[in-house]
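To start, the structure itself, in structure tokens.
The values are calculated or read from the model by the stated rules, or taken from the named source; none is laboratory data. In this text, all values refer to a predicted model and were calculated from it rather than measured experimentally. Using ideal geometry, Cβ is built from the backbone for each residue, glycine included, and neighbour counts are taken over all protein chains shown. Heavy atoms of the whole protein, side chains included, go into the accessibility calculation; ligands, DNA and RNA do not. Shrake-Rupley method; radii C 1.70, N 1.55, O 1.52, S 1.80 Å.
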Amino acid sequence: MNIDHRIAAGLLLKEVPEKHMKEIHFQANGKSIFLSSITEEKLVSEDKFDMFQHWIEETVINLPSYETLLKVLETEGDVV
């Protein structure tokens, strides 16, 4: 799997313990945007399948181009 190094550099995995979730955000130019989340329950519910890896791969594969992510950040991103 190939990913634009600029996108990879901006990906951030966040733990959200109060919601028992993990989230993936994209950060660049001082802004952040939420991309995806998964519950801890879902991560451990599939014994024969690595849901963590699958979740990350699915999130990354479905991302738009770096330029498109920057446009979205500009209009919808939260200041970090």
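Accessible surface of the chain, 1.4 Å probe: 52 percent of it comes from carbon and sulfur atoms. Taking a straight line from the alpha carbon of K31, these lysines sit under 16 Å away, with near neighbours fewer than eight places off in the same chain left out: K14, K71. Given the options E18, E57, E40, which has the most mean-square fluctuation in a GNM of the chain, springs set between C-alpha atoms less than 10 angstrom apart? The residue with the greatest mean-square fluctuation here is E18. Residues whose amide H lies under 5 Å from that of D4, counting only those 5 or more places away or on a different chain, are absent; hydrogens are built 1.01 Å from N in the peptide plane.
Mind pulling the angle between the C-alpha long axis of helix 51-61 and the longest principal axis of the chain? Nearest 10 degrees, somewhere in 0 to 90. Value to nearest ten degrees: 20. Averaged over its residues, the chain has an accessible area of 70 Å² per residue, based on protein heavy atoms and a 1.4 Å probe. Sites listed here are trypsin sites (Lys or Arg not before Pro) in the chain whose DSSP assignment is loop and whose Cβ has at most 12 other Cβ atoms within 10 Å: K48.
Mind pulling the angle between the C-alpha long axis of helix 66-76 and the longest principal axis of the chain? Nearest 10 degrees, somewhere in 0 to 90. Value to nearest ten degrees: 80.
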